[in-house]
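Have a look at the structure below before the remarks.
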Amino acid sequence: MPPKATEAIERRNFTVVQALRGFAAMWVVLFHAREGGHLPTLYASLPSWFKITVFDQGHNGVSIFFALSGFVIAHSVRDLSPSVRNFGRFALKRIMRLDPPYWASIVFVLAMGLLSSIVKHERITWPSFGAISSHLFYLQAFLNYPQINTVYWTLAYEVQFYLFFVGLITVASLLCGEKAWAKEAAWWIMYGVAITALFVPRDRMMPGLFVNLWPAFFIGALAYRAVEAKTRSIALLTLAGLMLAFGDEGIEFWIYSTITALLLFFFLHTGAIYTSLNWKWLQFLGTISYSLYLLHNPITGAAGFVGHKFLGTGVIADIGILIGIAIASVVGSTGFWWLVERKAQAWSKHVRLKTASNPSI
């Protein structure tokens, strides 16, 4: 591994990752601001290329998040000692980090729905007990319940990515002993799953199962590992080419996850991953990006409704509403991060993972 890349890993402060998180979260906010019908006049007045780039493709922030998650998880478990107990502790660490904000956001979404029904004098339809219960364990897609919040399906995928990634490495190491070649075999199996997923139509896969989007996560993990050897760099570039040429999910989705992975590889290889894009405002957005992602939809709806009530319609009104949506989303998410997510981060740090004597991912 290049010396600068080694130094970057030791510092463990990836400013590029944090910046891309902030960018992806705000891009999703812009997408939902348009999709929610809050900017009709402004949107209609914009040139096509601008509408497509800034608003219509904002849902591809999800593909950026997936690649970033793969990169970060590969980094976080690079020294992991493979054992059933350690796998359990990894799962617990993820639960403590992700679930409290997620569960709190469900309460927030339901409360905002109630508030909306009161203000608009509309009847509210509460999700069933089964729907809420399934969401708590990320099972809503498997059990055919509608999403309480449209972004929640991505969290279910993320959890599956984590468990499959670390679980396969753990199983391979336990079966073959704590040897480098066992982990290498696990990586090649995951590589095979990624390639297979590109050629199997989505309608032939189980709804909600992670496999169809596995390439978007795995290419991020592979970007982290590719700096270690030339053969891994070739594997990364090969997967990137296959995703762009044969991906069945929609070319834009694969483009953004691939670009993200290649950028991460470049910045890690040069060591610039812990210094580049280190603008305070973007780092701040990266810090609150999970909270922003969880809360922005109901906040966007409320801000859009209030904005139109006071500002009316028109291009100028829509610009003011868009600014209001952005400010409300950031302010609300900052408060949520302070009250909930920050504490979850602290709790997760108390869960320690045993490191391997001969670490290698």
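General observations
- Amide N of region 209-237 lying under 14 Å from the label point, which is placed 7 angstrom from the Cα of LEU244 along Cα→Cβ: 236-237
- Heavy-atom accessible surface of region 302-354, averaged per residue, reaches 59 Å², computed with a 1.4 Å probe.
- Above-threshold pairs, the threshold being 31 Å between Cα atoms, out of LYS93/LYS280; LYS280/LYS354; LYS183/LYS349; LYS309/LYS343; LYS51/LYS349: LYS280/LYS354; LYS309/LYS343; LYS51/LYS349
- Heavy-atom accessible surface of the chain: percent carbon and sulfur, 1.4 Å: 68 percent
- With a Förster radius of 22 Å applied to the C-beta separation of PHE199 and PHE266, the computed FRET efficiency comes to 0.20.
- Rounded if a/c under 1.5, otherwise prolate or oblate - region 125-262, Cα gyration tensor axes: oblate
- When each of the peptides 65-78, 230-243 is scored by how many other beta carbons lie within 10 Å of its residues on average, the order from highest to lowest is 65-78, 230-243.
- The value of relative contact order for region 61-182, using C-alpha pairs under 8 Å at least six residues apart, is 31 percent.
- Shape call, region 220-289: gyration tensor on alpha carbons, a/c limit 1.5: oblate
- Across the chain, the relative contact order, built from alpha-carbon pairs under 8 Å that are at least six residues apart, equals 36 percent.
- Shape call, region 1-124: gyration tensor on alpha carbons, a/c limit 1.5: oblate
- Cβ-placed point charges (K, R +1; D, E -1), dipole of the chain about Cα centre in debye, nearest 20: 940 debye
- Solvent exposure of region 1-135 as accessible area per residue, Å², 1.4 Å probe: 47 Å²
- Restricting the calculation to Cα atoms, region 243-361 yields a radius of gyration followed by a Dmax of 19.9, 65 Å.
- Top of ASN278, ASN297, ASN144 by mean-square fluctuation, Gaussian network on the chain, Cα under 10 Å: ASN144
- Among 336-348, 282-294, the order from most to least packed when residues are scored by Cβ within 10 Å on average: 282-294, 336-348
- Distance in nm between pseudo-label sites at VAL171 and THR150 (7 Å out along the Cβ direction from Cα): 3.5 nm
- Comparing GLU184, GLU35, GLU122 in a Gaussian network model of the chain where C-alpha atoms under 10 Å apart are linked, the largest mean-square fluctuation is found at GLU122.
- Extension gain, LEU311-TRP126: 0.36 nm per intervening residue step, less the Cα-Cα distance, totals 63.5 nm.
- Region 1-134 - percent relative contact order, Cα under 8 Å, separation 6 or more: 20 percent
- Amide H contacts of LEU80 (H built 1.01 Å from N, under 5 Å, at least 5 apart or other chain): ALA356
- Rounded FRET efficiency, nearest 0.05, which uses the C-beta distance separating THR355 from LEU92 and R0 of 22 Å: 0.85
- Accessible surface for region 147-204, divided over its residues, is 45 Å² per residue with a 1.4 Å probe.
- Selection among PHE65, TRP181, SER134 by position relative to the dipole of the chain gives TRP181 as farthest towards the positive end (Cβ unit charges, Cα centre).
- Long hydrophobic helices in the chain: the complete DSSP H runs spanning 18 Å or more by Cα along their own axis with mean Kyte-Doolittle hydropathy of at least 0.0 are 15-35, 61-76, 84-120, 152-176, 180-199, 230-246, 251-270, 289-311, 315-336.
- For LEU115 and LYS230, the difference between the fully extended length at 0.36 nm per residue and the C-alpha to C-alpha distance is 35.8 nm.
- Which of LEU262, ILE195, TYR290, positive extreme of dipole for the chain (C-beta unit charges): TYR290
The values are calculated or read from the model by the stated rules, or taken from the named source; none is laboratory data. Treat the numbers as computed from the prediction; the structure is a model and nothing was measured. FYI the Cβ positions are ideal-geometry reconstructions off the backbone, even for glycines, and counts take in every protein chain you see. We work out accessible area using only protein heavy atoms, side chains counted, and drop any ligands, DNA or RNA first. Shrake-Rupley method; radii C 1.70, N 1.55, O 1.52, S 1.80 Å.
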